[in-house]
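Working notes, beginning with the structure itself.
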Amino acid sequence: MSVEAAVNSAIRDARKTSSVYDLDGLFPTKRSGMNIDTTSFGGKLTSITLYDDQGQIYETASQSDIAAFWQLTEGLCTARTTYRAIKSNADWQGMHAVGQRAIFYEINGGALPVVQAATVVCRRCSVVMTLEAATIDHRHPQSGGERQAARRVFRAVGLTQQHARHPAGRFIEERSPFKDRREGFSGGSLSYLGVIFFSCICFSKNYDAFAATCINHLVNLDPMCFRCNSVKGAWGY
């Protein structure tokens, strides 16, 4: 079962919960006096509403918001065994400026430029290389870096009060319907919409599973040359 199906099923069946969480660093922080209520039709979630004990509504995630959240998160994650194929993904190529560049080769003692059809720049040393020669590096460790990866995904898709800092994150952010809905609790890190989705994930006990998928999200996979990747001890082919 996908994380999306597990989370949506759990929160739909609960219908209402007072388990509301913000994100403090890498760890869920429970918000007291807050509630989440859901509506559904035909077995599918149609809305999720965040409100307090006095009935004040802070935000409602519509059916289209719910679909967009999963499309931008789990939907942009590759399988653990196929992440190297990300080089052929058009969005990944766009965020890393894959394009034609001149690469210089030494032929008969002279350096001659040859324009390659597809090149990319190593994130670590900035060398220009052919896309075919590029390796894929996980921005966060595949073991132990899951929650950092999840936090970065939330920021990239526009569900934190802060904007994405990395160009790859900003590339995703610009395509997100959540980027202009950043209001959140004072002192918190997530937007109200972010609190809704994060609370659903935590309530359904799927935070670890969600975080594990985020390791292979587009925003967490970077191009690196063979030398830099092998120095790290990860070959990435």
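The values are calculated or read from the model by the stated rules, or taken from the named source; none is laboratory data. Computed from a predicted structure; not experimentally measured. Because the Cβ atoms are built from the backbone with ideal geometry, glycine has one as well, and the counts that use them run over all protein chains shown. What goes into the accessible areas is simple: the full protein's heavy atoms, side chains included, and nothing from ligands, DNA or RNA. Shrake-Rupley method; radii C 1.70, N 1.55, O 1.52, S 1.80 Å.
Of all residues in the stretch 52-81, exactly one satisfies the criterion of being surrounded by fewer than 17 Cβ atoms within 10 Å (Cβ to Cβ), part of a strand (DSSP E or B) and among the hydrophobic types (A, V, I, L, M, F, W, C), namely I57.
Condition check: open to solvent by 20 Å² or more (accessible area, probe 1.4 Å) and under 26 Å from the mean Cα position of the chain (by Cα). Does T17 satisfy that? Reasoning before the result, please.
Values: open to solvent by 20 Å² or more (accessible area, probe 1.4 Å): no; under 26 Å from the mean Cα position of the chain (by Cα): yes.
Answer is no for this residue.
Against the conditions (1) in contact with a Gly (Cβ under 8 Å, 6 or more places away or on another chain); (2) assigned to a loop (DSSP other than H, G, I, E, B), R84 satisfies every one except (2). For the stretch 179-237, the candidate set comprises residues that are among the aromatic types (F, W, Y) and at pLDDT 95 or above; within that set, the residue that is most open to solvent (accessible area, probe 1.4 Å) is F203.
Can you name every one of the strands (runs of 3 or more DSSP E) wholly within the stretch 118-237 that holds 2 or more residues which are farther than 29 Å from A14 by Cβ and hydrophobic (A, V, I, L, M, F, W, C)?
In the stretch 118-237, 128-130, 221-224 are the strands (runs of 3 or more DSSP E) which contain 2 or more residues that are farther than 29 Å from A14 by Cβ and hydrophobic (A, V, I, L, M, F, W, C).
On the basis of being within 30 Å of T38 (Cβ to Cβ) and acidic (D, E), does D222 make the cut?
Working: within 30 Å of T38 (Cβ to Cβ): no; acidic (D, E): yes.
Criteria not met by D222.
Every condition in (1) of a type in the set (A, V, I, L, M); (2) open to solvent by less than 80 Å² (accessible area, probe 1.4 Å); (3) modelled with pLDDT under 85 is met by L112 except one, and the failing one is (2).
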